[in-house]
Amino acid sequence: MQNYSIHICTWCSHQQQLSAIRRAVFIQEQQVPEELEWDKFDKTAQHVIAVNNKGKPIATGRIKADGHIGRMAVLKTYRQQGIGSAILLTLLAVAKQQNIDTVYLHAQLSAISFYEQHGFVCSSDQFMDAGIPHKSMTKRLSNA
């Protein structure tokens, strides 16, 4: 039985919950410098949030108008339960609604196989982002 729900939201409406998830995963767990985590795109991107059955925010992701998916984060105790996949599938549905034909992201090396399972393919050599190795990945969407 699914013990969470997914909601499409905005930074304006859910900033406190979205930032708490990202702070826990990126800043505290992965040691990303705080000044690199927050950017001007938070206000304009479409966000997705997962909450558990008690209403606690547990995962998030966002998609920018150009199809860039990012800031995918699931709290540690909620990983390996399909929540990241649910967030990603919701972001892909948002992209289709917005008639975006190709989405892309910067995947941490440890997450490449996760994104490959969802049809993404590597499109760059390895590069460093916030001190963490990444590769760019893309996925073409069929809007038919």
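Just a few scattered comments:
- Number of residues in the range 52-85 that are hydrophobic (A, V, I, L, M, F, W, C) and surrounded by fewer than 19 Cβ atoms within 10 Å (Cβ to Cβ): the value is 1.
- The listed residues are Val94, Val103, Val25, Val32, and the only one of them that is at pLDDT below 95 and surrounded by 13 or more Cβ atoms within 10 Å (Cβ to Cβ) turns out to be Val32.
- Search result, residues across the range 4-46 that are of a type in the set (A, V, I, L, M, F, W, C) and either touching a His at 6+ places or on another chain (Cβ under 7 Å) or assigned to a loop (DSSP other than H, G, I, E, B) (or both): Cys9, Trp11, Leu18, Val32, Trp38, Ala45
- Of the residues contained in the range 48-68, none is found to be part of a helix (DSSP H, G or I) and more than 24 Å from Pro133 (Cβ to Cβ).
- Qualifying residue in the range 115-134 (condition: modelled with pLDDT of 95 or more, on the phi < 0 side of the Ramachandran plot and in contact with a Gly (Cβ under 7 Å, 6 or more places away or on another chain)): no
- If the condition is being over 11 Å from the mean Cα position of the chain (by Cα) and closer than 13 Å to Gln17 by Cβ, then the range 55-77 contributes Gly55, Lys56, Pro57, Ile58, Leu75.
The values are calculated or read from the model by the stated rules, or taken from the named source; none is laboratory data. The structure displayed is predicted, hence computed values, not measured ones. Reconstructed Cβ throughout: ideal geometry from the backbone, glycine too, with neighbour counts over all protein chains shown.
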